[in-house]
Amino acid sequence: MKRGFSGVSEYFLIPGLVCLAIFWRAPFVWFRTDDFAWLGLPLEVHGFRSLMRVLFLPEAQGTVRVLSERVFFLVFSWIFGMHAAPFRWLGLVTWIAALGLAAAVGSRIAGSRVAGIAAAIAWAASFTVAVPMMWSAAYNQVLCAFLLLAALYARARWLEAGGTRWRVLEWVAYLAAFGAIEVAIMYPIAAMLYTHLIAKRTDRAAWALMIPAAAFGAVQAFVIPHPADGAYRIAVDGRLPSTLMTYVLNAFGPGGYPGRWILAAAFAVFVIWKILDRDWRVLFPVAWFAVFLAPVLPLPDHILSYLLTIPVIGMAWLAGWAADAAFRRGGFARIAAIALTAVFLAGSLPQINTETADWLRRTSRMRLLFRSAQREAAMHPGAALIFKSVDKELYESGFEDEPFRLFGVTRVYLAPGSRIGSAKFQISREEAARLIASGEARIVEAPGPAP
């Protein structure tokens with residue numbers, strides 16, 4: 001392997017610094033929407049049996065993400081309460097560790113340490129990872145990416161030098177990934193493809209990885225109920241090609257950005273060039289993208305850019321490899337690489353900046369409202385809360401997930417005349433006046449939009 005830098009620390013240090021520079025707002029983002037539902041898990045634990053139910057009972061979408069959702073929110077909310085910074089820092093630390101592993105694996109795919117580090121930077125700069133960086137409820141994407149890459153890195157080390165510890169580490173990380181998110185079921189395919197295409201070896205024992213995947217898949221398919229309608233309804237129909245195209249284009253840039261067509265074409269040229277050169281290693285990053293994208297394709301009503309967090313690692317490996325190859329060739333190839341990098345960053349970085357700023361602004365308003373309501377509840381125990389001047393943006397930041405139950409208030413209303421919110425938050429003028437006059441309710445003024 002050609003080495004452009006010395007020492008392993010660059011794998012983590014350089015991409016990590018880039019990550020912090022891009023997502024500097026992450027530690028300051030508070031909770032939002034689904035976070036409040038998960039933060040309420042400790043309220044449901046009253047003993048061992050209820051703990052087991054909280055940890056393992058499938059949610060309405062048919063998910064049982066024990067580590068990335070249940071354990072994560074139970075432990076952190078118990079230790080840190082409603083302080084969001086520790087949640088966010090854990091996400092960042094896990095992400096930086098994943099970036100380092102992506103760089104280490106990428107260097108093996110391309111045969112260049114520079115290519116691996118460039119791949120990790122490309123992944124860190126992808127707009128598709130903005131939501132997991134800002135949202136604790138999407139920590140499942142970050143944790144699963146880390147565990148899958150840890151398993152693959154352990155496999156790479158075992159293929160290079162042997163050693164039982166690497167085999168054990170691969171299995172531990174792989175099995176733990178099932179507790180993060182369901183796409184872990186696809187890891188055995190990725191592991192066998194890496195063994196064949198990158199390490200150019202055979203490993204019959206790798207077939208054993210299929211056993212947990214088959215068992216997990218059987219439980220998901222035949223034991224856990226799945227929604228028959230709504231956004232999470234599984235549908236394999238004529239919308240599949242359109243869904244695939246949407247995700248492929250989103251891997252190169254946000255919707256409406258014309259530069260993503262240029263990037264897609266450039267990637268296609270690089271892959272075809274490598275295939276014509278009989279460098280079959282190039283098929284592994286492409287296969288990674290396809291393999292980990294496959295589980296979300298049958299959800300045409302639930303197309304979300306952040307679901308590309310794990311699949312887009314494959315595109316990042318290709319980007320780092322192509323950029324390194326272009327710089328080595330020099331001349332026009334180097335100019336093209338610089339131009340394509342600029343095209344990618346021009347589409348991704350502004351989108352990241354917009355999204356992270358929006359998350360910080362929205363969650364800051366929700367935090368101010370929550371703290372004001374918490375103070376009122378502390379001064380007037382048992383009183384209902386009537387929220388005044390709540391707009392649609394603030395309402396959609398978490399009201400439906402009942403955040404105020406976290407400090408014991410379940411009677412929550414929007415001021416009479418509000419034209420937003422579901423029926424459970426509505427109250428008549430007469431009833432509101434009666435509750436206020438009798439001291440059974442307090443008014444909480446919502447903070448206005450940030451300038």
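The values are calculated or read from the model by the stated rules, or taken from the named source; none is laboratory data. From a predicted model like this one, the values you see are computed outputs, not experimental measurements. Glycine gets a Cβ as well: all are built from the backbone with ideal geometry, and neighbour counts include every protein chain shown.
Brief remarks on what is shown
- Filter result for I262 (part of a loop (DSSP other than H, G, I, E, B), under 26 Å from N353 (Cβ atoms) and touching a residue at least 40 places away in the same chain (Cβ under 8 Å)): no
- All positions within the range 292-334 that are touching a helix residue (DSSP H, G or I) at 6+ places or on another chain (Cβ under 7 Å) and either of a type in the set (F, W, Y) or farther than 24 Å from G255 by Cβ (or both): F292, Y306, W317, G320, W321, A323, D324, A326, F327, A333, R334
- Meeting the requirement of 3 or more residues that are without any contact (Cβ under 8 Å) to a residue 40 or more places away in the chain and closer than 29 Å to G230 by Cα, the helices (runs of 4 or more DSSP H) wholly within the range 1-119 are 48-56.
Table: residues versus (1) without any contact (Cβ under 8 Å) to a residue 60 or more places away in the chain; (2) outside any helix (DSSP H, G or I).
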position	(1), (2)
A326	yes, no
V343	no, no
Q374	yes, no
G382	yes, yes
T410	yes, yes
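- Checking L406, L435 one by one, the residue that is closer than 24 Å to L360 by Cβ and aliphatic (A, V, I, L, M) is L406 and no other.
- Test set (1) over 26 Å from G111 (Cβ atoms); (2) in a helix (DSSP H, G or I) - G255 fails condition number: (2)
- Which numbered condition G330 misses (of (1) at pLDDT below 95; (2) closer than 23 Å to E396 by Cβ; (3) surrounded by fewer than 16 Cβ atoms within 10 Å (Cβ to Cβ)): (2)
- Listed by position, the helices (runs of 4 or more DSSP H) inside the range 135-232 whose residues that are free of Cβ contacts under 8 Å to residues at least 12 places away in the same chain and on the phi < 0 side of the Ramachandran plot number at least 1 are 139-161, 164-177, 210-222.
- Residue selected from the range 413-451 under the condition assigned to a loop (DSSP other than H, G, I, E, B) and among the β-branched types (V, I, T), by the criterion farthest from S389 (Cα to Cα): I427
- So G448, is it more than 26 Å from W359 (Cα to Cα) and not hydroxyl-bearing (S, T, Y): no
- Selection status of R278, of a type in the set (D, E, K, R) and either outside any helix (DSSP H, G or I) or closer than 30 Å to P227 by Cα (or both): yes
- If you go through the range 239-273 and keep only what is within 20 Å of A125 (Cα to Cα) and among the aliphatic types (A, V, I, L, M), you end up with V248, L249, A251, I262, L263, A264, A265, A266.
- The single condition from (1) outside the structural domain of I262 (by TED's automatic domain parsing); (2) in contact with a Gly (Cβ under 6 Å, 6 or more places away or on another chain); (3) of a type outside the set (V, I, T) that F289 fails is (1).
- The residues on offer are P416, P403, and the sole one that is without any contact (Cβ under 8 Å) to a residue 24 or more places away in the chain and either surrounded by 13 or more Cβ atoms within 10 Å (Cβ to Cβ) or charged (D, E, K, R) (or both) is P416.
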